[in-house]
1. May I ask you to derive the relative contact order of region 54-138, considering only C-alpha pairs under 8 Å and at least 6 residues apart, and to give it as an integer percent?
2. Describe numerically, in nm with one decimal, the distance between label points set 7 Å from Cα along Cα→Cβ at A101 and at E164.
3. Gaussian network model of the chain, Cα springs within a sub-10 Å range: biggest mean-square fluctuation belongs to which of H168, H80, H56?
4. Can you put W110, W85 in order, fewest other beta carbons within 10 Å first?
5. Considering only DSSP beta bridges with both partners in the chain, what is the antiparallel share in %, to the nearest 5?
6. Just tell me which lysines come within less than 20 Å, Cα to Cα, of K89; anything on the same chain fewer than 8 places away is out.
7. Evaluate the charge dipole of the chain about its Cα centre and quote only its size in Debye, nearest 20, assuming +1 on the Cβ of each Lys and Arg and -1 on the Cβ of each Asp and Glu.
8. Suppose R0 equals 22 Å. What FRET efficiency, 1/(1 + (r/R0)^6) with r the Cβ-Cβ distance, do N22 and N145 give to the nearest 0.05?
Amino acid sequence: MKASIIPVTPYQQNCSLIWCENTMKGAVIDPGGDLDRVLDEAEKNGVTIENIFMTHSHLDHAGGTAELQKKLGITIEGPHKDDAWLIAKLPDECAKHGFPAAETFTPDRWLNNGDQVSVGDLTLDVYHCPGHTPGHVVFHDPQSNIAFVGDVLFKGSIGRTDFERGNHADLISAIRDRLWPLGDEVTFVSGHGDLSTFGEERRSNPYVGDGV
Ligand SMILES: [Zn+2]
Ligand SMILES: [Zn+2]
């Protein structure tokens, strides 16, 4: 798997373009906005975008989803259907936070824990990790051992749970029961900020490390 991380929107959300080097087919994870930069990155690398994979439906992750789908005629997979209420609120949320207008969308496929998504020869495993939002999912590529965790986990921190329908206990359980078992060696791309590994967070994360 090849990946290019493109911070988008005023919230510097880490939109990821991932692709399969055999087929040069790719997917965009969380196209929150600034689609020109995402499309430029795909063109520069010779990638044909075939899918959108969604971790969750906050505006900085989902604000560009409907537009990208229309522009390219591609499918949207994810998040889990427990985020449907958030997708319905997207236009209001964008107006409220001064984001460019966004449309709602209906994923072609809602994802459940244990599902897989594919693009080219890549297959990523899906983990439902509620808490930051109820329908948040994480994508893990076992081949490269990279996970795209959205706003579940950050280098040195965890996702906020003070938003509507957030749940701190759910978030901690999801990280400990669904992410840690993937192994210390997993490198993860968060929705914001730097990369880290699960092992490093188990050692040092003040919210969900093993010493907490
Ligand atoms: Zn979020
Ligand atoms: Zn975010």
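Nothing in this text is a laboratory measurement; each read-out follows from the coordinates by a stated rule. If you're wondering where the values come from, they're calculated on a predicted model, not measured in any experiment. Note that each Cβ is placed from the backbone with ideal geometry, even for glycine, and that neighbours are counted across all protein chains shown.
1. Numbers: 150 pairs, mean separation 27.8, N = 85.
Normalised by residue count, the contact order of region 54-138 is 33 percent.
2. Each label point is offset 7 Å from its Cα along the Cβ direction, giving 2.1 nm.
3. Result: H168 has the largest fluctuation of those listed.
4. By the 10 Å Cβ count, ascending, the order reads W85, W110.
5. 65 percent
6. K70, K81
7. Working: 17 positive and 32 negative charges, 29 e Å.
In debye, rounded to 20, the chain gives about 140.
8. After rounding to 0.05, the efficiency reads 0.75.
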